[in-house]
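The values are calculated or read from the model by the stated rules, or taken from the named source; none is laboratory data. Because the structure is predicted, anything quoted here is derived from the model rather than measured. Virtual Cβ from ideal backbone geometry, glycine too; neighbours counted across all protein chains shown.
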Amino acid sequence: MFKHTSGFMTGIKIPHLLSLSAVLILFLSLSASCQTDSLQVKIELKSSVNRSEVPFNQKLTFEVEASWEGEQDRFSITPITPPECENFEIVGSSSLNETKIEEGETKSLKIFRFTLKPTQTGAGRIGSIELSYVDNLTQDSSSLSTQPIDVQITPAVEKRGPKYRNILIGVIFLVLIYVIWSARKKTRRIEITREKEAERILPEKESLEEKTLKKLDVISEGVQKGRPESFSSDVYKLLTDYLKAKYQIVTSGKTTNDIIRSLSNLDMSSERISLLKRILSACDLVKFAGEKMEKEKREEITSQTREFLEQNR
């Protein structure tokens, strides 16, 4: 009776044990597969330049990119050493981390950028870069290297920016000159119109001296309104036109001394001739010697001109 029960129990346990063993084997197999997949993450390393030829007076960008599937914290990457370069010098560097999703999978990147400046024309070369890293999951360490890159350094090219800028400055300068010229021409035209209007409104009974004095007032008003540049030439023309109309003498093309000599034979006192000569000579200094006539001097000349005309009635 005992033997029969024992055999029966043994028959019951064996199928159960076989099933349990199969489940354990399958579980261990899946765990090993998952662990193997997680351990097989690798870093891909590549390097590139933004152009294969670079002019001597321009710069080149050299980029090293490390990428892997997973999050940024999967690997600890040691900062890389700048590459050894032939006919280039490194003038700047930077690095950045980037994470993106590709086909539903997370992909991490670490990018190193170097700015290179040519030191001479000809063949240039950028040496290899070694990247060392530690897998934070398995604590395994490893390293990768890039291949050297050859770049041709061509002669310097002309920069067009400054040329266009100079043309723009020249155009602006010409426009400014035209605006100033147009403004002065318009101002002068207004002055001539006012002078003609002043001449038209003068009564016939006014003497030549009174008409000339009113023209002098117009010149003085122009100075007060901020147009002193033509004061000396306007006063000189005012007086020579007056002498021509008063004494019928030729003043055009004559020097001040010639005009004064023409007056010596007329009925004019030496004091008035001396006063006239001082006025005309002061105007000559501005016209021929480039002397600047200040406000006080203009007021003095205006007063002397008025005095001469009033005395010469």
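Looking at region 160-218, which of the residues that are touching a Ser or Thr at 6+ places or on another chain (Cβ under 9 Å) and not assigned by TED's automatic domain parsing to the domain that holds Glu229 is modelled with the highest pLDDT?
If we take residues in region 160-218 being touching a Ser or Thr at 6+ places or on another chain (Cβ under 9 Å) and not assigned by TED's automatic domain parsing to the domain that holds Glu229, then Arg188 is modelled with the highest pLDDT.
Condition check: part of a helix (DSSP H, G or I), within 54 Å of the chain's Cα centre (by Cα), modelled with pLDDT under 90 and closer than 28 Å to Arg227 by Cα. Does Lys287 satisfy that?
So Lys287 passes the test.
How many residues does region 229-250 contain that are outside any helix (DSSP H, G or I) and buried (at least 16 other Cβ atoms within 10 Å of the Cβ)?
Of the residues in that region, 2 qualify.
Determine if region 267-274 includes at least one residue that is more than 18 Å from Glu310 (Cα to Cα) and either loosely packed, with under 10 Cβ neighbours inside 10 Å or modelled with pLDDT of 90 or more (or both).
So far as region 267-274 goes, no, none of its residues is more than 18 Å from Glu310 (Cα to Cα) and either loosely packed, with under 10 Cβ neighbours inside 10 Å or modelled with pLDDT of 90 or more (or both).
Within region 104-117, can one find any residue that is modelled with pLDDT under 90 and at positive phi?
Checking region 104-117: at least one residue is modelled with pLDDT under 90 and at positive phi.
Among the residues that make up region 131-148, is at least one of them part of a strand (DSSP E or B) and more than 15 Å from Lys42 (Cα to Cα)?
no
Identify, from the list Ser233, Ser252, the residue that is of a type in the set (Gly, Ala, Ser), in contact with a Lys or Arg (Cβ under 7 Å, 6 or more places away or on another chain) and closer than 26 Å to Arg189 by Cβ.
Step by step, each of Ser233, Ser252 is checked, and only Ser233 is of a type in the set (Gly, Ala, Ser), in contact with a Lys or Arg (Cβ under 7 Å, 6 or more places away or on another chain) and closer than 26 Å to Arg189 by Cβ.
Checking Ser262 against (1) closer than 19 Å to Leu243 by Cβ; (2) surrounded by fewer than 15 Cβ atoms within 10 Å (Cβ to Cβ): exactly one of these is not met. Which one?
Ser262 satisfies every listed condition except (2).
Inspect region 26-49 for any residue being modelled with pLDDT of 90 or more and more than 22 Å from Ser145 (Cα to Cα) and give the result as yes or no.
no
Exactly one condition in (1) touching an Asp or Glu at 6+ places or on another chain (Cβ under 9 Å); (2) modelled with pLDDT of 90 or more is false for Ile80; which is it?
Ile80 satisfies all of (1) touching an Asp or Glu at 6+ places or on another chain (Cβ under 9 Å); (2) modelled with pLDDT of 90 or more except (2).
Restricting to region 44-64, what's the tally of residues that are in contact with a Ser or Thr (Cβ under 8 Å, 6 or more places away or on another chain) and of a type in the set (Lys, Arg)?
2
Is at least one residue of region 119-130 of a type outside the set (Ser, Thr, Tyr), in contact with a strand residue (DSSP E or B) (Cβ under 7 Å, 6 or more places away or on another chain) and over 20 Å from Val54 (Cα atoms)?
Yes, region 119-130 has at least one match.
Give the residue that is surrounded by the fewest Cβ atoms within 10 Å (Cβ to Cβ), with candidates limited to residues of region 57-106 that are more than 41 Å from the chain's Cα centre (by Cα) and either among the charged types (D, E, K, R) or closer than 25 Å to Ile153 by Cα (or both).
Looking at residues that are more than 41 Å from the chain's Cα centre (by Cα) and either among the charged types (D, E, K, R) or closer than 25 Å to Ile153 by Cα (or both), I get Glu103.
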